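A short write-up of the structure that comes next.
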Amino acid sequence: GGDIAVALSGIDNRVRRVAAVGSTPNWCRPDMREMHDPSIVVDQGDADRYAQWFADQLDPTLHLDRYTHGAAITFELGQQDRHVPAHNAVHFRDQLNKLAPAATDRVRVQIHAGLDHLGVTTSEEALTAAAAWLSVPVP
């Protein structure tokens, strides 16, 4: 999905545009809540060595330098999404801005009002915005 597409865009310069719907650039998934009971924080547990290796190598938040001159990325997120909170993508964009301000022009975070996780991933508005983002010619 979108998490992997974002990570791939950081390691393969052939990936020029990414549209991530209901996805996060932060593989630690801070503040992730149960979809049906947002009062419950999802325990991410401890990664085994294999999973930890992948996270160490590919987690976009750990490798911001890979996004300073790379792909154009949009995050289409739900304002009410407590499962994949939008603030993680906003934080990624803000941290990237500190490292390379010009790169932030290529990272868009669109937060769709009133939508939770299932809502944003099935929203005609969010999916149309993602498709439109992908259809823009890459210079």
CD proxy, 222 nm, the chain: helix-only mean residue ellipticity via -39,500 (n - 2.57) per DSSP H run with n ≥ 4, per residue, nearest 500, stands at -10500 deg cm²/dmol
Put Y67, Y50 in order of accessible area, largest first, probe 1.4 Å, and you get Y50, Y67
Taking N as the number of residues in the chain, the ratio of its alpha carbon radius of gyration to 2.2 N^0.38 Å works out to 1.02
In order over segment 128-135: 3J(HN,Hα) from phi, Karplus 6.51/-1.76/1.60, θ = phi - 60°, whole Hz, x for each Gly or Pro, gives 5, 5, 5, 5, 5, 4, 5, 8
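Quick one: if you take sqrt(5λ) for each eigenvalue of the C-alpha gyration tensor of segment 72-139, what semi-axes come out, biggest first, whole angstrom?
22, 17, 6
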In whole Hz, the Karplus estimates of ³J(HN,Hα) for segment 7-23 (6.51, -1.76, 1.60; θ = phi - 60°; x where Gly or Pro) are 4, 4, 5, x, 10, 10, 6, 6, 7, 9, 9, 9, 10, 10, 10, x, 10
Under the Karplus relation with 6.51, -1.76 and 1.60 and θ = phi - 60°, whole-Hz ³J(HN,Hα) for segment 65-73, x at Gly and Pro, equal 4, 6, 10, 6, 8, x, 5, 7, 10
Placing each pseudo-label 7 Å from Cα in the direction of the beta carbon, Q52 and A100 end up separated by a distance in nanometres of 3.0
The set of residues whose placed amide H lies less than 5 Å from the amide H of H112, leaving out same-chain residues fewer than 5 positions away, is L77, G78, Q79
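The values are calculated or read from the model by the stated rules, or taken from the named source; none is laboratory data. Just so it is clear, the structure is predicted and the values come from calculations on it, not from any experiment. FYI the Cβ positions are ideal-geometry reconstructions off the backbone, even for glycines, and counts take in every protein chain you see. For the accessible areas, the whole protein counts, side chains as well, though only heavy atoms, and no ligand, DNA or RNA atoms are used. Shrake-Rupley method; radii C 1.70, N 1.55, O 1.52, S 1.80 Å.
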